[in-house]
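The values are calculated or read from the model by the stated rules, or taken from the named source; none is laboratory data. What you see is a predicted model; the values in this text were computed from it and never measured. When we count neighbours, we look across all protein chains shown, and the Cβ atoms used for this are built from the backbone with ideal geometry, even at glycine. Quick note on the areas: whole protein, heavy atoms, side chains included, nothing else; ligands and nucleic acids left out. Shrake-Rupley method; radii C 1.70, N 1.55, O 1.52, S 1.80 Å.
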Amino acid sequence: MGLKEAFAAAACWLALPAALAPALAAPVGETVADEQGVLNPEELTVQYWAARAEDGRFDPGMCMYGYPIAKMGWHEPARKIFERCAQHGNPYAMPWAAWTEENGYDRPSDPAAAAEWDRKLAETGSALGQLNYGLDVLRGHGVPRDPALGKALVDRAAAAGESTARDLAAHDYDPASVTPTADLAHYRHPQF
């Protein structure tokens, strides 16, 4: 190696610490964004997926984060995740979208929107969706009451192996037989 090559190699080694300074200055694991990109992005955290839902973006990976985000009490981003995933055809997100609409943790309860998610899930052939929408229709909760349609939906769910639907049919399609506490507290029709 000649003198010229030795100086070039030394210059590279001397420039390396300056190039690495931003990365070396960040505490281990801290997310740092600069003009070169993002160091340690939060791509597998609930915060990352909540932020993506807030931005209106969709990624199939976000679907598994809706439930833990809801359980953390972050109901608005959880709702957005469930809605995005359900709108993109993920049937597992639909009962959770219905759950957020029904319970109204981040905004008033909307039984009609909850029943609509149950209907969409039922239309996919899901036994759970058929059971849930059947209960909505039997109760007249969020949709017009229609005992014949409700029983037919419950029967389809039972035929598909849904054990709660079989129990409901065995108890003459009385919703209180499968959800007694909820029926007393939530679905009881006003007396006046």
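The table below lists the values:
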| quantity | calculated |
| --- | --- |
| Test for residue 113: is it in contact with a Lys or Arg (Cβ under 9 Å, 6 or more places away or on another chain) and open to solvent by less than 50 Å² (accessible area, probe 1.4 Å) | no |
| Which listed residue is under 30 Å from residue 122 (Cβ atoms) and modelled with pLDDT under 80, from 76, 54 | 54 |
| Condition met for residue 106 (of a type in the set (Asp, Glu) and either more than 17 Å from the chain's Cα centre (by Cα) or farther than 18 Å from residue 53 by Cβ (or both)) | no |
| Residue satisfying condition, being at pLDDT 60 or above, touching a Gly at 6+ places or on another chain (Cβ under 9 Å), among the charged types (D, E, K, R) and part of a loop (DSSP other than H, G, I, E, B), within set 43, 30 | 43 |
| Test: residue in the range 167-174 that is open to solvent by 50 Å² or more (accessible area, probe 1.4 Å) and modelled with pLDDT under 95 | yes |
| Pair list, Cβ under 7 Å, 6 or more apart: the range 161-180 residue acidic (Asp, Glu), other residue at pLDDT 95 or above and in a helix (DSSP H, G or I) | 162/127; 162/128; 162/131 |
| Hey, residue 100 assigned to a helix (DSSP H, G or I), crowded, with 22+ Cβ neighbours inside 10 Å and not charged (D, E, K, R) or not | yes |
| Residue that is on the phi > 0 side of the Ramachandran plot, crowded, with 17+ Cβ neighbours inside 10 Å and not polar (S, T, N, Q), where the choices are 129, 142 | 142 |
| Tabulated pairs, the range 116-137, first free of Cβ contacts under 8 Å to residues at least 40 places away in the same chain, second among the polar types (S, T, N, Q) and open to solvent by less than 30 Å² (accessible area, probe 1.4 Å), C-beta under 8 angstrom, 6+ apart or interchain | 122/130 |
| Meets criteria (open to solvent by 40 Å² or more (accessible area, probe 1.4 Å), at pLDDT 95 or above and of a type in the set (A, V, I, L, M, F, W, C)) for residue 149 | yes |
| Per-region count, the range 63-88, residues open to solvent by less than 50 Å² (accessible area, probe 1.4 Å) and in a loop (DSSP other than H, G, I, E, B) | 1 |
